[in-house]
Amino acid sequence: MTEEAPVQDTVDMVPGLDTRHAHSARVYNYWLGGKDNFAADREAAEQAIAANPGIVADARANRMFLARAVRYLAADCGVRQFLDIGAGLPTASNTHEVAQDVRPAARIVYVDNDPMVLSHAQALLSSTAEGATAYVESDLRDTPAIVAAAGRTLDFAAPVALMLLIILHMIPDSDDPYRIVTALVDALPSGSYLVLAHPASDVRATSQAEMTKRVNQRMSGPRATMRDRAAISRFFDGLDLLEPGVVQPQQWRPDPGVVAPDQVTAWCGVARKR
């Protein structure tokens, strides 16, 4: 994974874009095989791979979990609205593509605060004619702003799937990530769902800790905080967890015949609001 990414034009197009330091969205994009990243991101990503060689397979397993969860909620649970916070850079099987493939009238709002993601928002806004997609520039900590802006596209009187995938590790304990998730869930009606995946501190713990240290040293802004299964399970307090509960991403309702890693350094789950 040493291919150069042709993104030089983006530097001039995006005001305030910091290319000297790694950014979590661009590092993740590199692991997924994307080209929307810079030298600092690639260096951090390769340092992470050196410390934790399974991270590329882990990132792809997380992405497959997203697709399965969205498909299940749209097809089996009748969900037509999705609020995807920390959407990251466009890649294969984006939330709106999976949801609208099942339900063409589905409505999706993406939320992110990275300037490069904003510059690529148009790629995310390719909705079906029957449905809708929108992009909100906001920080996860600003829950009132997110809810207000998302309400211009989503109907908060009807169930919404709140997607928080590989984003909450960027919220340190000092900012109380549990309070943030509770505030977002409280804004949703009964019958809504929380879909959450979070990097694990207790899977391949030594290599995961070394990887986190290396990436954090190369990032500006918030540093990653890994959490264990018990801490991640707390995000679902007060909700009804769907089977199989809080598991590693490759273990959540896997598609038959799909080869997956034995272990993935994350915990995930889907829960319904009563």
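The values are calculated or read from the model by the stated rules, or taken from the named source; none is laboratory data. What you see is a predicted model; the values in this text were computed from it and never measured. So basically every Cβ, Gly included, is an ideal-geometry build from the backbone, and we count neighbours across all protein chains shown. Remember, those area values only see protein heavy atoms, side chains included, never the ligands or the DNA or RNA. Shrake-Rupley method; radii C 1.70, N 1.55, O 1.52, S 1.80 Å.
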Correct response: the longest run of the chain lacking exposed GluC sites (Glu not before Pro), defined by DSSP loop and at most 13 other Cβ within 10 Å, is 131-274
The size of the Cβ-based charge dipole (Lys, Arg +1; Asp, Glu -1) of the chain about the Cα centre, to the nearest 20 debye, is 520
Quick calc of log₁₀ I(q)/I(0), the stretch 36-90, Debye, one scatterer on every Cα, no solvent, q values 0.14, 0.15, 0.31 1/Å, result -0.55, -0.61, -1.20
By the Kirkwood definition, with r running over pairs of different Cα atoms, the chain has a hydrodynamic radius in Å of 18.7
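Need one number for the stretch 75-207: average projected area of the convex hull over its C-alpha atoms, nm².
Dividing the Cα hull surface by four gives the mean projection, 9.0 nm².
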Log10 I(q)/I(0) at q = 0.11, 0.12 Å⁻¹ for the stretch 190-257, from Debye over equal alpha-carbon scatterers, is -0.37, -0.43
A chain fully extended from residue 241 to residue 179 at 0.36 nm per residue, minus the present Cα-Cα distance, gains in nm 20.4 nm
In Å², rounded to a whole number, the accessible area per residue of the chain with probe 1.4 Å is 42
Check: C-alpha center the stretch 14-66 vs C-alpha center the stretch 88-146, spacing in Å is 20
Residue span residue 101 to residue 255: 0.36 nm per residue of separation minus Cα-Cα distance leaves a gain in nm of 53.7 nm
Between the modelled labels at residue 223 and residue 20 (7 Å from Cα along Cα→Cβ) the distance in nm is 1.9
Computed on Cα atoms, the radius of gyration and Dmax of the stretch 147-253 in angstrom are 15.4, 45
So, relative contact order of the chain in percent, Cα under 8 Å, 6 or more apart, is 20
CD proxy, 222 nm, the chain: helix-only mean residue ellipticity via -39,500 (n - 2.57) per DSSP H run with n ≥ 4, per residue, nearest 500, stands at -10500 deg cm²/dmol
Correct semi-axes for the stretch 46-129, from √(5λ) of the alpha-carbon gyration tensor and rounded to whole Å with the largest first, are 25, 17, 9
